[in-house]
Amino acid sequence: MVICGPLTEVNESEEATDHFFNQYTNYSFTKIGGYGAYIQSPPHQQQGEFMLQIASEEKPRFMIGDNGTMYFYYDQESKEWFMHWDCF
């Protein structure tokens, strides 16, 4: 699994931002690693590093709120897991 660092350089360049959003899709289903595909906006003071998301999905008949997603983070320093969720 590849865990990427912050996107500061991409965010500071309009050309890099356009390339990023044209190159990579926002995968809104259940996944491990990468970046969270937030429905609302990402939590600003969330502790830990993003690890996985579990999304509402039709096939397993699993629903979180109104078609929502749960996001899990792990803080290596405190050895604790944190969860954030949002929905439409």
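In this Cβ point-charge picture (+1 for Lys and Arg, -1 for Asp and Glu), the chain has a dipole of about 500 debye about its Cα centre. The relative contact order of the chain, computed from alpha carbon pairs under 8 Å that lie at least 6 residues apart in sequence, is 23 percent.
Entry note, the chain: the mean residue ellipticity at 222 nm calculated from DSSP H runs of n ≥ 4, each adding -39500 (n - 2.57), is -4000 deg cm²/dmol after division by the residues and rounding to the nearest 500. Backbone geometry of region 30-47 corresponds, through the Karplus equation with coefficients 6.51, -1.76 and 1.60 at θ = phi - 60°, to 3J(HN,Hα) couplings of 5, 7, 10, x, x, 10, x, 9, 6, 7, 8, 10, x, x, 6, 10, 5, 7 Hz, x marking Gly and Pro. Split the chain at each of the GluC sites (Glu not before Pro) in a DSSP loop with at most 10 other beta carbon atoms within 10 Å, and the longest piece is 13-57. Taking a temperature of 20 °C and a viscosity of 1.002 mPa s, what whole-number D in µm²/s does Stokes-Einstein yield for region 26-86 with Rh from Kirkwood over alpha carbon pairs? Estimated diffusion coefficient is 180 µm²/s.
Taking Lys and Arg as +1 and Asp and Glu as -1, the other residues whose beta-carbon sits under 10 Å from that of Q47 total -4. Of the chymotrypsin sites (Phe, Trp or Tyr not before Pro) in region 5-70, the ones in a loop by DSSP (not H, G, I, E or B) with at most 16 other beta carbons within 10 Å are Y24, Y27, F29, Y35, Y38. In this structure, N22 and Q46 have a Cβ-Cβ separation that, at R0 = 22 Å, corresponds to a calculated FRET efficiency of about 0.20. The trypsin sites (Lys or Arg not before Pro) found in the chain that occupy coil by DSSP, while having at most 13 further C-beta atoms within 10 Å, are R61, K79.
All of the numbers you see were taken from the coordinates with simple rules; none came from a lab. Please read all numbers here as calculations on a predicted model, not as lab measurements. Cβ sites come from the backbone with ideal geometry, for glycine too, and all protein chains shown count toward neighbours.
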